[in-house]
Amino acid sequence: MLLTNPWRREQFKHVVVTTFHEKGYRDYGKTCIETFLKHWPKDIALVVYAEDVEIEERDRRLIVFDHADLPKLREFRQAYGENLQANGFRPVRNGLTRDFRWDAVRFSNKVFAVADAIRRYRSVVDQLIWLDADTVTHRDIPRSFIDDIAPRGNQLAAYLNRRIYPECGWVGYNLRHPAIMTFVDRFEGAYSSGYFLTLKESHDSFVFWKVLQQMERDKEAKFKRLGSSLTKTHVFINSVLGGYLDHLKGDRKAAGKSRKSDLKWFRREAWWQ
């Protein structure tokens, strides 16, 4: 079900996509939308996949879909909703242990939203940016910045690399890449087929990394790195993105801001002072 107006005659080269449920909207999603509308270029749209929540904001750049518009997500949840291994539990010597790295059902919202949005907009948009909803835009983003960090040519996506698997709070997808649908089919298919159950970890960042590695190995696509191989944890704010955005990972949501100790070097922006 489409909840707000479509794009009418607007022309957007870039579109940003995110998703959240009702509690997520109240805790951080509303701020994500408000700061997007305030600070992002006026020719970039925000697409939200909302789960059981009515979005209060109204703007020509804001397009809202319901999770009911994601039939493949519904099918996945029906198939794996009761599967402990798909919901963050894994066997250990004394029973089961809980770990987000195996919570495929939780992270599937993101995967199926990305896949659906790429299918919807690849004929009309150059770049689709995934942005986690617990992100705050703290100052105006120049259009030139978005263009500069976008994947181009044979680069299928721009992502935040780090010492371990990527940080997928931001991923820019090149919708003009000839293998973009190959990527989508593999990324989404890793969940819908149950292949995720065979992997070492099953969250979206790990699955994204596996698909990326395969495509690079087979020379199907290249990928643009925006992070650092020297950083293991909070690479988002320690990349070029930190000059404009703050990612409120984990308990940072309560504070509304990342900690200064998260920064690996001095930032001049007022947000970080």
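The values are calculated or read from the model by the stated rules, or taken from the named source; none is laboratory data. All of these numbers come straight from a predicted model, not from anything done at the bench. In this analysis, Cβ positions are derived from the backbone assuming ideal geometry, glycine residues included, and neighbour counts consider all displayed protein chains.
Applying the condition of being of a type in the set (S, T, N, Q) and modelled with pLDDT of 95 or more to the range 88-118 and asking which residue is nearest to W209 (Cα to Cα) yields S108. The residues of the range 63-88 that are among the aliphatic types (A, V, I, L, M), within 19 Å of the chain's Cα centre (by Cα) and within 13 Å of Y191 (Cα to Cα) amount to a single one, L73.
Being part of a loop (DSSP other than H, G, I, E, B) and either at positive phi or surrounded by fewer than 17 Cβ atoms within 10 Å (Cβ to Cβ) (or both) is a description that does not apply to E34.
Scanning the range 234-256 for residues that are exposed (fewer than 15 other Cβ atoms within 10 Å of the Cβ), more than 17 Å from the chain's Cα centre (by Cα) and assigned to a loop (DSSP other than H, G, I, E, B) returns D251, G256. In the set V207, V211, only one residue is at pLDDT 95 or above, in contact with a Lys or Arg (Cβ under 7 Å, 6 or more places away or on another chain) and assigned to a helix (DSSP H, G or I); that residue is V211. Here R122, R139, R163 are screened, and the one residue that is surrounded by fewer than 22 Cβ atoms within 10 Å (Cβ to Cβ), within 29 Å of D69 (Cβ to Cβ) and of a type outside the set (F, W, Y) is R122. Here the condition is being within 28 Å of V240 (Cα to Cα), touching a Lys or Arg at 6+ places or on another chain (Cβ under 7 Å), modelled with pLDDT of 95 or more and not β-branched (V, I, T); of D134, D140, D148, it holds for D134 alone.
Answer yes or no: is there a residue in the range 117-131 that is of a type in the set (G, A, S), assigned to a helix (DSSP H, G or I), in contact (Cβ under 8 Å) with a residue 40 or more places away in the chain and closer than 24 Å to L245 by Cβ. So far as the range 117-131 goes, yes, one or more of its residues are of a type in the set (G, A, S), assigned to a helix (DSSP H, G or I), in contact (Cβ under 8 Å) with a residue 40 or more places away in the chain and closer than 24 Å to L245 by Cβ. Among the residues here, S202 qualifies as of a type outside the set (A, V, I, L, M) and within 16 Å of the chain's Cα centre (by Cα).
Please determine, by comparing only the residues of the range 176-197 that are surrounded by fewer than 23 Cβ atoms within 10 Å (Cβ to Cβ) and farther than 16 Å from F76 by Cα, which one is farthest from the chain's Cα centre (by Cα). Applying the filter and picking the extreme gives P178.
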